[in-house]
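Worksheet: the structure to be examined is printed underneath.
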2 protein chains.
Amino acid sequence: MNIDQIETPALVVDLAVLNRNVRTMADYCRDHHLALRPHTKTHKIPHIAKLQVENGACGITVAKISEAEVMAAAGIDDIVIVYPLWGESKWHRLTRLAEQVRIGVAMDSLPIAEGMSRAAKEANVEIGVRLEFDTGFGRCGLAIEQDSAEIAQRIMDLPHLRWEGISFYPGHIMGDRQSREAAIEMENRQLDRLYSLLDGISIPYPVVSGGNTPAAFDSHRFHGVTEIRPGTYLFNDRNTVDAQSATYADCAATVLATVVSTSVQHRAIIDAGSKMLSADQLLSGERKNFGYVQDQAELILDDLSEEHGHLRLPDAYPIQVGDRIRVVPNHICPSVNLQDRVYVVSGDQVVDVWKVAGRGMVN
Amino acid sequence: MNIDQIETPALVVDLAVLNRNVRTMADYCRDHHLALRPHTKTHKIPHIAKLQVENGACGITVAKISEAEVMAAAGIDDIVIVYPLWGESKWHRLTRLAEQVRIGVAMDSLPIAEGMSRAAKEANVEIGVRLEFDTGFGRCGLAIEQDSAEIAQRIMDLPHLRWEGISFYPGHIMGDRQSREAAIEMENRQLDRLYSLLDGISIPYPVVSGGNTPAAFDSHRFHGVTEIRPGTYLFNDRNTVDAQSATYADCAATVLATVVSTSVQHRAIIDAGSKMLSADQLLSGERKNFGYVQDQAELILDDLSEEHGHLRLPDAYPIQVGDRIRVVPNHICPSVNLQDRVYVVSGDQVVDVWKVAGRGMVN
C-alpha cells in the first residue's frame, strides 16, 4: 500500500529514521559504558521494545504495572517500573510478573517498599528496588538528607527485595544546549551530595539510573550515572528539536492529515486536532503552536480543536481541500497514546502496521 | 463493588448526576421548542447516546464517520456528522451508513458536496446536507457573503443530497455569563445577515443548527436557531463551571486517583497525569491548573506529567500515600477519549462499567 492510501488522520512511523535513532542511542551508550533502559511509555509497542533490546538495551522502563504486563507477555524479560506503585492489588500483580521476568520498581517511600516486600515474601519471589531521589525536578524522590539515608537503610533490610541502587529523573534539565549546561553542573553537585550521604552510612548503589531525552547524549557527563532511561529519542518530536537534541530529519513519527476546509480566510483546517496530536504545549521556548508541518514550515499550526487542526496560512498560499500534510507533534508520547495502531512506512510504502498494545493500560 | 475497590486511576461517572444533566437539557429544549442533537464526541459511549435519545434528543451529532459507524451499529438511527468529510473512501462509507440510518453531514465546500452527491447517486441513497457558515469562530464555515449563497444554491441542486439547512458553531461564545452577553448580541447580528443573504435568493433553511455547552441554556435567544448540539453538558467539567453554566455538583465525571508520593515538600503526586486528564488548558479565565480536586479545593493541581499529577499542598496538609481523591478535569471530552471504559457509580457503589466504544475511531 502506498502512503497516499492510508485513511487520515493516521500516525506514520518512518522505519529508516526509527532504526537510525535506535542505533544512534545504543551506540552512544555502548561507547560510554552506560546501560540503556529505554522508557517505552513513548511508544507502548512491543515490536519497538524488542528492537531496542536487540540493539543492546539491557531491558526496558515502563510507568505502569499494566504496561509491564503487556511487555512481559510480548517476551521482554527485564523490566523496571519507574513509578511508586501503591496498593495490594498492584503489589500482587507485581509478584505475578516477578515469577515470569526480572522486575524492578523505582519508588520513594517506606510504606510502598514494605507493601512490596510483604507481597513478595508471600509469593516467594524477589522484586528489585531502586530508591528515587529528587535532584531538582520536585516531583517524586526523597530529599538528599539524613532522614532519607535512614529510609534507604530500612528498605535495604526488607526481605524479598533486591536492592539495586538509586534512581532520579532530571526532568528539569531541558531547554537548549546552552541553558542545559548550567543545569548539568548543578545536577552534578546534587549527585555528589547524594553519593556522600549514601557513602556515609555505607549504602551501595551499583545502579545509578537517570537520563531523559533532551540531555541523553550528555549522560556520560552526569557524575556516577550507570544507566539511562530516555524515551522520546526513538521518535523525537518538536520538543527534542527545540532542545537541540535532534533535527526534524530525526523525527520518525508524524501525523498524516488531510486539509478538510479552506473556507475561512488565511486558514486551512486539517483533520488532526488534539485527539490526534494531544494538546501538549512545547516544554520550553515560546510554548507556541501545536506541531511542525513537515516541508511546509510556513504553515503555522496555531490552534487545535478536538478534531480540527487550525493552520494559519501566508497570503495567497496554494492549498486546497484534499491536500495532505505531515505534522511533527510537540510531544510524541501522548500522541502515540491516542492511537490504536501506527503505520510503518519505508519511503512511500506502508510496510507494516503495529498495534499500540500498551495504550489504554491506565492502571 | 464499592468505589474504594476500583483500581486507580479510573474515570468514574456518577449516574444520578448524569441522569439529571441529561434531563435538564432535554427539558430546556422541550420548553423552548428546540431540537436537541447532542454531540456524542464528549462520551463516545453508545449507552449514553441511547439515554439521550430516550430523553427526547432527535438524534445525535458525531465528528467522525467511524464514530457514526459505532453509533449506528449500536442502534442510533438519526446521525449528523458535523465535519467536512473528504475522500472517496469516507464518502463510500457514508453511503453504507445511509442504507441503515438517517444520516446527514454538515460541511462547507462544493467539492465535498459534489463528492458525496456522486457517491450517493452511485449507491442510490440519500444523504442529508447542512451548509456550515462561520459566524465568528473562524474555524470552518463559509463567509456570510454573496459567493457563499451561490455555493448553497449549487449544493441544493446536487442529486441525492437532502438539503436540510444550515449549521454554525459558536465556539467563540464562552467565558462567564457577562462576557457572553455581548457575544450573543453580535452573533444575532451575524445570523440576521445570514438569513437576509439566503432569503435574498430564496434558499430555505428548515434546520438552523447551532449551540455549544457554555451558551446552551441561552440557545432560545439566538435568532432563528431550531436545533442545538451541546456535548459537554451531560458530564460538565471545569470549563463549564468556569463559564457559569454548571456547578461542581453538576460534574458527573471525575478521575479517581491515588496519592503515590509525598516525598517532595508541599507536593503530593497522584497517579493521574496528562494521559488520564489530558493536558487541555482552561478555555478562559486564568487558564491555570489542570483540574479541580473535589471536596478539597485547597489542593491545587498545578502541573501534569504523563502519569503524574502534581498537587501543591497548603502548609502541613494531612495527606499520605494511599489517599484517594477525585478530580474534575478541565475538559472532560479528551479525558474520556483516553479511557477504554468508565465506571458508573450510584453513591459509593459501582453499578456498571461502560465501554467507550467510539474511542480510537480516529478516521
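Only the coordinates and a few stated rules stand behind these numbers; no lab work does. Owing to the predicted nature of the structure, the values given are computational and were not obtained by experimental measurement. Note: ideal-geometry Cβ built from the backbone for every residue, glycine included; neighbour counts use all protein chains shown.
A point 7 Å from Cα along Cα→Cβ stands in for B:Leu15, and the other copies hold the same point at 5.0 nm, listed in rising order. The amide H of A:Ala35, built 1.01 Å from its N in the peptide plane, has A:Glu227, A:Ile228 as neighbours under 5 Å, considering only residues 5 or more places off or on other chains.
Pairs from the list B:Lys121/B:Lys355; B:Lys44/B:Lys275; A:Lys275/B:Lys355 with a Cα-Cα gap above 27 Å: B:Lys121/B:Lys355.
What separates the A:Asp176 label point from its copies, with the point 7 Å along Cα to Cβ, is 4.1 nm, written shortest first. Along the axis of the charge dipole computed for the protein assembly as shown (Cβ charges of +1 for Lys and Arg, -1 for Asp and Glu, origin at the Cα centre), the listed residues B:Ala26, B:Ser148, B:Ala120 are led at the positive end by B:Ala120. Within the listed set B:Pro111, B:Pro318, B:Pro159, the Gaussian network model of chain B (springs between alpha-carbon atoms below 10 Å) gives the highest mean-square fluctuation for B:Pro318.
Compute the whole-percent fraction of alpha carbon pairs in segment B:248-363 spaced more than 22 Å apart. Tail of P(r) above 22 Å: 34 percent of Cα pairs.
The stretch between A:Glu298 and A:Asp4, if pulled fully straight at 0.36 nm per residue, gains 103.6 nm over its current Cα-Cα span.
Placing +1 on the Cβ of every Lys and Arg and -1 on the Cβ of every Asp and Glu, with nothing else charged, gives the protein assembly as shown a dipole about its Cα centre of roughly 880 debye.
Close amide-amide hydrogen proximity is noted between B:Thr213 and B:Gly231, B:Thr232, each under 5 Å apart and 5 or more residues distant or on a separate chain (H modeled in the peptide plane; Pro and chain starts excluded). Classify segment A:31-75 as rounded, prolate or oblate, taking a ≥ b ≥ c as the square roots of the eigenvalues of its Cα gyration tensor: rounded when a/c is under 1.5, otherwise prolate if a/b is larger than b/c and oblate if not. Prolate is the answer for segment A:31-75, as a/c is 1.5 or above and a/b outweighs b/c. For the peptide B:300-306, the mean number of other protein chain Cβ atoms found within 10 angstrom of a residue's Cβ is 3. Pick out which of B:Ser305, B:Ser346, B:Ser263 has the largest mean-square fluctuation in a Gaussian network model of chain B, springs linking Cα atoms closer than 10 Å. Top of the fluctuation ranking is B:Ser263. So what is the 222 nm mean residue ellipticity for chain A from helices alone, if each DSSP H run of at least 4 adds -39500 (n - 2.57) and you divide by all residues, rounding to the nearest 500 deg cm²/dmol? Result for chain A, helices only: -9500 deg cm²/dmol. Counted over the protein assembly as shown, the DSSP beta bridges are approximately 50% antiparallel.
Exposed loop sites here are trypsin sites (Lys or Arg not before Pro) assigned a DSSP state other than H, G, I, E or B and surrounded by at most 13 other beta carbons within 10 Å; excluding them, the longest clear run of chain A is A:1-286. With Cα atoms defining each centre, segment A:146-184 and segment B:247-272 are spaced 24 Å apart in the structure. Calculate the length of the line joining the C-alpha centroid of segment B:17-47 to that of segment A:108-126, in whole Å. After rounding, the separation between the Cα centres reads 48 Å.
With kT/(6 pi eta Rh) evaluated at 20 °C and eta = 1.002 mPa s, and Rh the Kirkwood radius from Cα pairs, segment A:50-100 diffuses with a coefficient of 189 µm²/s according to Stokes-Einstein. Gyration tensor over the Cα atoms of segment A:15-235: the corresponding equivalent ellipsoid has semi-axes (square roots of 5 times the eigenvalues, largest first) of 26, 24, 13 Å. Looking at the protein assembly as shown from every direction and averaging, what is the projected area of its Cα convex hull in nm²? Averaged projected area of the protein assembly as shown's Cα convex hull equals 30.2 nm². Would you work out which of A:Trp354, A:Asn212, A:Thr95 lies farthest towards the positive end of the dipole of chain A? Charges go on Cβ: Lys and Arg +1, Asp and Glu -1. With unit charges placed on the Cβ atoms, the residue in question is A:Thr95. Taking a Cβ cut-off of under 10 Å around B:Phe290, the surrounding Lys, Arg, Asp and Glu residues balance to a net charge of -1, with basic ones at +1 and acidic ones at -1.
Just so you know, the averaged projected area of the alpha carbon convex hull for segment A:231-286 sits at 5.1 nm². Here is how far apart the B:His266 label points are across copies: 4.2 nm, shortest first, using a point 7 Å from Cα toward Cβ.
The residues neighbouring B:Arg180, those whose beta-carbon lies less than 13 Å from its own, together hold a net charge of -4 under the Lys/Arg +1, Asp/Glu -1 convention. Measuring from each Cβ of chain B to the axis that turns chain B onto chain A, the shortest distance belongs to B:Ala279, 2 (residue, then whole Å). Note on chain B: GNM, Cα springs under 10 Å; of B:Thr262, B:Thr240, B:Thr40, the largest mean-square fluctuation is that of B:Thr262. For segment B:33-142, the calculated P(r), taken from all Cα-Cα distances in 10 Å bins from zero up to the bin holding the longest distance, is 15, 46, 32, 7 percent.
Taking every alpha-carbon pair under 8 Å whose residues sit at least 6 apart, chain A reaches a relative contact order of 21 percent.
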